[in-house]
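Take a look at the structure set out below.
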Amino acid sequence: MAQGLLKGTVYDNANRNKLPNVFIRDKNTKQLTLSEKDGGFSIRTEPGHTLIFDCPGYVSDTLYVVDMENKKIMMETKTIALREVNINATRQFFDPHTEYPEIYTKSKVYVMSPTTWFSKEGKDARRLKRYFAREEEERRVDAVFNRAYVGSIVPLKGQELDDFMTLYRPSFAFIKSNNSESLAVYINDNYKKFKALPPEKRKLPNLVSQ
């Protein structure tokens, strides 16, 4: 069967809220899209393909396309509601410019071509470009604010170190405008704040999926 347009809606399985900005990828063709503000999505695919649904704070979901009927995707929240921080290992290198060059081509806006402003394909490409930019920033933070480095500065281990790193994760803007010495001072200053907190405040709140 030729590729068609598969439509559906993504929900939070616990509260049934519709989820925007869910990253949806066709594993077979690398076709990409993001869910809209109302959770709705549409992607070009066909039966026999596999779709991957990713969203910060949620467990990745997989859909094997059997037919082109409208789909309802229910995503499970992760145990920790905050954005997942990769503190055990460095994320795999990812260069969206190489992996998805068509996104950057489609995201361009040309003054003499109104369709580049208003077409869904162009809008989706620009949203994906912003998504990739945010992901690249997070990876740059991971590269310097990692478990080995932070653990070499503060006397924390195990879950306590994990909680500290999540609570005091620096922003990309901070990493971009500061050097390693400034980061070491930042970590030490926040360690003092961490130790001054009551024990119950040093732990992250857990949200278990319903």
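The values are calculated or read from the model by the stated rules, or taken from the named source; none is laboratory data. Predicted model only: the values in this text are computed from it and were never measured. In this analysis, Cβ positions are derived from the backbone assuming ideal geometry, glycine residues included, and neighbour counts consider all displayed protein chains. With ligands, DNA and RNA removed, areas are computed over all heavy atoms of the protein, side chains included. Shrake-Rupley method; radii C 1.70, N 1.55, O 1.52, S 1.80 Å.
Assorted remarks:
- Residue ID - most open to solvent (accessible area, probe 1.4 Å), chosen from residues in the stretch 1-60 that are among the β-branched types (V, I, T) and in contact with a Gly (Cβ under 6 Å, 6 or more places away or on another chain): T9
- Selected residue (criterion: modelled with the lowest pLDDT) from residues of the stretch 31-79 that are of a type in the set (D, E) and under 15 Å from V10 (Cβ atoms): D54
- A Cβ distance below 6 Å, combined with a sequence gap of six or more or placement on separate chains, defines the contacts here; from the stretch 36-51, residues that are on the phi < 0 side of the Ramachandran plot and of a type outside the set (G, A, S) reach residues that are outside any strand (DSSP E or B) and open to solvent by less than 20 Å² (accessible area, probe 1.4 Å) in the pairs F41/S35; T45/V65; P47/V65; H49/V65.
- The sole residue among P155, P170 that is open to solvent by 50 Å² or more (accessible area, probe 1.4 Å), assigned to a loop (DSSP other than H, G, I, E, B) and modelled with pLDDT of 90 or more is P155.
- Residue in the stretch 40-59 that is nearest to the chain's Cα centre (by Cα), counting only those that are assigned to a strand (DSSP E or B) and among the aliphatic types (A, V, I, L, M): I52
- Members of the stretch 60-76 that are in contact (Cβ under 8 Å) with a residue 40 or more places away in the chain, of a type in the set (A, V, I, L, M, F, W, C) and assigned to a loop (DSSP other than H, G, I, E, B): V65, M68
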